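Asks: Take this structure, written in structure tokens, and hold onto it; I'll ask about it next.
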Amino acid sequence: MAPSPISRRGFLIGGLSTMVLAGCSAPPRASRDPSATIPAAPSPSGTPSSSRAPIPFDVRELIRRPRFYVGHRGSGDNWPEHTLAAYRNSLQAGAEAVEISVCSTSDGVLICHHDLSAERVLGVDRKIADMTWNEVSALRVDARTWLGGKTPLEPIARLEDVLRELGPDTLVFIEDKQGTNTGVLLDLLDAQARATERFVWKQWAPASQVRAAKERGYIAWGYFDVEQIDRLDEFATTFDILGMPVATPDEVIRQVVATGIPLMCWEVRFHDDVERLAGLGVTGLMCSNVRYLVDGRPADRDSFATGRRAPGDLPTAIDTLGWSAQPAFVPERAALRIERADATSYLMGSLAAPGKELGRLDMTIVWPDAVPPGGAAGAVFALTGDAPGGLGGRGDADGYQFSLHVDGMISLARFEHGVTGPDLATGAVEAPTAGEPVRIRIDMSDDRLRATVDGEEPIEAKVTMSDGRGPWIRLFKAYASNEAVEFSEVRVVSN
């Protein structure tokens with residue numbers, strides 16, 4: 001049963017660990033904008049950190065490093081994949097090498113493209129092998145579904161042009177995705193300066209093309225899955241680098257690392273991925289989120305008004321839904337709109353400062369069209385990690401949860417290992433109505449949490465330092481129906 005409000009945006013406070021803040025004056029409604037006391041952060045830059053080691057001249061030196069990053073498809077979580085812009089930007093952001101997938105058109109032009117079909121990226125349901133270069137070049141790489149509606153369309157890139165533009169010092173992992181262009185691709189590589197020093201032949205490990213590449217002096221990366229682990233000894237004697245998916249179980253990764261052959265995992269998106277893989281002895285990171293993991297410079301507020309996803313912001317369920325997992329941006333309202341017909345969350349990695357603690361979170365929640373019949377929206381915050389998973393896709397970490405229920409109940413709770421714990425504090429406000437923004441401010445310290453809604457009397461929960469307090473935030477929708485919820489004015493202060 002919904003709690004009865006005692007006044008508009010007033011509170012009924014409950015729970016032994018809950019208390020009303022006595023003597024604290026609520027800010028006047030005319031001064032609701034929580035940004036007033038939060039200074040703007042500088043815009044992130046593409047310049048790599050000066051503390052990183054210089055990019056090596058030879059791929060053999062690269063793979064001997066204790067950790068190295070390769071831009072997966074040119075870091076496709078940040079820029080339209082397999083475009084010249086993506087390759088350039090990922091290198092500028094700190095990747096030591098880029099990965100290039102190659103397909104051939106029907107008239108023999110090698111292009112930078114991952115899928116055998118043109119449908120997902122170019123919008124045409126035809127095989128690349130059945131299209132001429134003139135047909136393909138008239139299309140554009142369209143990543144707006146994934147990166148946001150304001151993402152520019154990019155031209156499809158010819159491999160020959162990309163290699164010329166990147167220059168003779170760029171290290172490249174290159175793969176013939178169709179598996180039918182080995183000879184012509186190797187011929188093109190052979191014609192490049194320092195070819196065997198800067199190119200790595202990449203392929204599905206059970207395939208046979210590696211022999212031709214090795215005969216020409218190239219080192220090779222063979223990637224495979226758990227189903228092929230019984231061929232590990234064979235792969236370890238064939239390839240110079242081995243590859244497995246990030247989701248591979250720890251015991252299998254340890255088995256591969258024990259061969260002594262460098263292991264590179266794909267596709268690395270999260271700081272938790274990096275930490276876990278480093279602990280297992282993985283040295284190579286095929287990274288789709290370079291701007292976040294390598295060149296991460298946290299912002300203090302969302303960038304929803306730009307209509308483009310910020311580095312480090314990611315939806316949940318990427319592995320199952322692909323590009324369609326990404327919610328829409330509403331630039332005219334500077335909002336993120338979530339309307340999937342299930343519970344889900346959205347990582348605000350762009351606001352996280354690893355190594356620091358979250359001190360304050362502001363956000364606005366509104367159901368713009370209709371309020372759902374049940375459920376809640378809110379944020380899990382001060383999370384100790386950014387890995388996906390957990391209850392309702394809210395992450396597999398420790399932190400706290402603020403919920404705004406559609407019946408007007410609000411709550412603060414502990415969030416442990418991806419599961420919401422008992423309420424630490426509860427209250428009641430007037431039930432939200434369609435189109436009415438609800439403005440929330442959450443303050444954190446070593447011993448308490450305080451949540452204020454629309455500038456009214458706050459609720460508070462006692463906590464202890466041993467609970468831990470990290471920098472990550474996930475916005476969430478916790479109901480199965482498809483009524484859209486929008487988040488805006490998301491701002492943070494880190495300590």
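Asks: Can you run the Rg to Rh ratio on the stretch 130-211? Use alpha carbon positions and the Kirkwood inverse-distance Rh.
Replies: Across the stretch 130-211, the Cα-based Rg/Rh ratio is 1.02.
Asks: Around residue 210, under 14 Å between beta carbons, what's the net of Lys plus Arg minus Asp minus Glu among the other residues?
Replies: For residues surrounding residue 210, the net value is 0.
Asks: Write down, largest first, the equivalent ellipsoid semi-axes of the stretch 218-344 in whole Å, where each equals the square root of 5 times an eigenvalue of the alpha-carbon gyration tensor. All intermediate terms of the calculation are to be shown ahead of the outcome.
Replies: Numbers: eigenvalues 253, 51, 28 Å².
Semi-axis lengths for the stretch 218-344 are 36, 16, 12 Å.
Asks: Sum -39500 (n - 2.57) across every DSSP H segment of at least 4 residues in the chain, then divide by the residue count to get the 222 nm mean residue ellipticity, nearest 500. Numbers along the way, then the final one.
Replies: Values: 14 runs with 86 residues, N = 495.
Result for the chain: -4000 deg cm²/dmol, rounded to the nearest 500.
Asks: Would you tally the net charge around residue 60, using a Cβ to Cβ cut-off of less than 9 Å, leaving residue 60 out, and scoring K and R as +1, D and E as -1?
Replies: Details: positive: 64; negative: 58, 61, 197, 240.
Net of charged neighbours comes to -3.
Asks: Mind checking the dipole of the stretch 162-312: about its Cα centre, +1 per Lys or Arg Cβ, -1 per Asp or Glu Cβ, Debye to the nearest 20? Don't jump to the answer; show the numbers that get you there.
Replies: On the way: 17 positive and 23 negative charges, 99 e Å.
The calculated dipole for the stretch 162-312 is roughly 480 debye.
Asks: Going by amide H atoms built from the backbone, whose H comes under 5 Å of the H on residue 407, apart from near neighbours?
Replies: Those lying under 5 Å, H to H, from residue 407: there are none.
Asks: Follow-up. What fraction of the DSSP beta bridges in the chain is antiparallel, stated in percent and rounded to the nearest 5?
Replies: Roughly 70 percent of the beta bridges in the chain run antiparallel, per DSSP.
Asks: Report the one residue of 343, 200, 475 whose Cα lies farthest in the direction of the positive end of the charge dipole of the chain (charges on C-beta: Lys and Arg +1, Asp and Glu -1; origin at the Cα centre).
Replies: Of 343, 200, 475, it is 475.
Asks: Which trypsin sites (Lys or Arg not before Pro) from the stretch 74-127 combine a DSSP loop assignment with at most 15 other Cβ atoms within 10 Å?
Replies: 126
Asks: Among 392, 128, 379, pick out the residue whose Cα is farthest towards the positive end of the charge dipole of the chain, where Lys and Arg carry +1 and Asp and Glu carry -1 on C-beta, about the Cα centre.
Replies: Going by the charge dipole, the pick is 379.
Asks: If amide H atoms are built 1.01 Å from N in the plane of the peptide, which residues on other chains or at least 5 residues away come under 5 Å of the amide H of residue 424?
Replies: Amide H neighbours of residue 424, under 5 Å, 5+ apart: 412, 413, 414.
Asks: Just the C-alpha atoms of the stretch 59-293: what Rg/Rh do they give, with Rh taken as the Kirkwood radius?
Replies: 0.95
Asks: Given 127/202; 356/477; 150/477; 202/477; 150/202; 150/356, which pairs have Cα atoms separated by over 29 Å?
Replies: Table pairs above 29 Å Cα-Cα are 202/477; 150/202; 150/356.
Asks: Which value, in debye to the nearest 20, gives the size of the charge dipole of the chain about its Cα centre, when Lys and Arg are +1 and Asp and Glu are -1 at the Cβ? Don't skip to the end; give the middle numbers.
Replies: Working: 51 positive and 67 negative charges, 199 e Å.
Charge dipole, the chain, about its Cα centre: 960 debye, nearest 20.
Asks: Mind giving me the nanometre distance, one decimal, between the label points for residue 187 and residue 164, set 7 Å out from Cα along Cα→Cβ?
Replies: Roughly 1.8 nm, to one decimal.
Asks: Cβ under 15 Å from residue 235's Cβ, residue 235 left aside: what net charge do those residues give with Lys, Arg +1 and Asp, Glu -1?
Replies: Cβ neighbours under 15 Å give a net charge of -2.
Asks: Let me ask something else. Report, by chain and number, residues whose modeled amide H sits under 5 Å from the one on residue 243, excluding near sequence neighbours (fewer than 5 apart, same chain).
Replies: For residue 243, the qualifying residues are 222, 223, 224, 264.
Asks: Still on this structure, please answer the following. Could you give the length gained on full extension between residue 120 and residue 140, defined as 0.36 nm per residue of separation minus the Cα-Cα distance, in nm?
Replies: Result: 6.1 nm gained on full extension.
Asks: Can you tell me the dipole magnitude for the stretch 59-293 around its Cα centre, using point charges on the Cβ only (Lys, Arg +1; Asp, Glu -1), in Debye to the nearest 20? Write out the running numbers ahead of the final one.
Replies: Working: 26 positive and 35 negative charges, 103 e Å.
Charge dipole of the stretch 59-293: 500 debye, to the nearest 20.
Asks: Which of the trypsin sites (Lys or Arg not before Pro) found in the stretch 212-310 are in a DSSP loop and have at most 15 neighbouring Cβ atoms, other than their own, within 10 Å?
Replies: Of the trypsin sites (Lys or Arg not before Pro), the ones in loops of the stretch 212-310 whose Cβ has at most 15 other Cβ atoms within 10 Å are 216.
Asks: Assuming 0.36 nm per residue, please report the length gained on full extension of the stretch residue 433 to residue 208 beyond their Cα-Cα distance.
Replies: Answer, rounded to one decimal: 74.8 nm.
Asks: Output ³J(HN,Hα) for the stretch 479-487: one whole-Hz value per residue in order, computed from phi by the Karplus curve 6.51 cos²θ - 1.76 cosθ + 1.60 with θ = phi - 60°, and x for Gly and Pro.
Replies: 7, 8, 7, 9, 5, 5, 10, 10, 10
Asks: Tell me the relative contact order for the chain as a rounded percent, counting alpha carbon contacts under 8 Å between residues six or more apart.
Replies: 19 percent
Asks: Let me ask something else about it. Let me know the Kirkwood hydrodynamic radius for the chain, please, with Cα pairs as the basis and the value in Å to one decimal.
Replies: The answer is 24.2 Å.
Asks: Assuming 1.567 mPa s and 4 °C, estimate D for the stretch 249-307 with Stokes-Einstein, Rh taken as the Kirkwood radius over Cα pairs, in µm²/s.
Replies: 99 µm²/s
Asks: Along the stretch 290-299, what does the Karplus equation 6.51 cos²θ - 1.76 cosθ + 1.60 (θ = phi - 60°) give for ³J(HN,Hα), rounded to whole Hz, x for Gly and Pro?
Replies: Each residue of the stretch 290-299 in turn: 4, 4, 8, 7, 9, 10, x, 10, x, 8 Hz.
Asks: Another question, then. Report the calculated FRET efficiency for residue 255 and residue 53 (r = Cβ-Cβ distance, R0 = 25 Å), to the nearest 0.05.
Replies: Values: r = 29 Å, r/R0 = 1.16.
That gives a FRET efficiency of 0.30.
Computed from the coordinates by the stated procedures, all read-outs in this text should not be read as laboratory data. For clarity, every value in this text was computed on a predicted model and none was experimentally measured. Note that each Cβ is placed from the backbone with ideal geometry, even for glycine, and that neighbours are counted across all protein chains shown.
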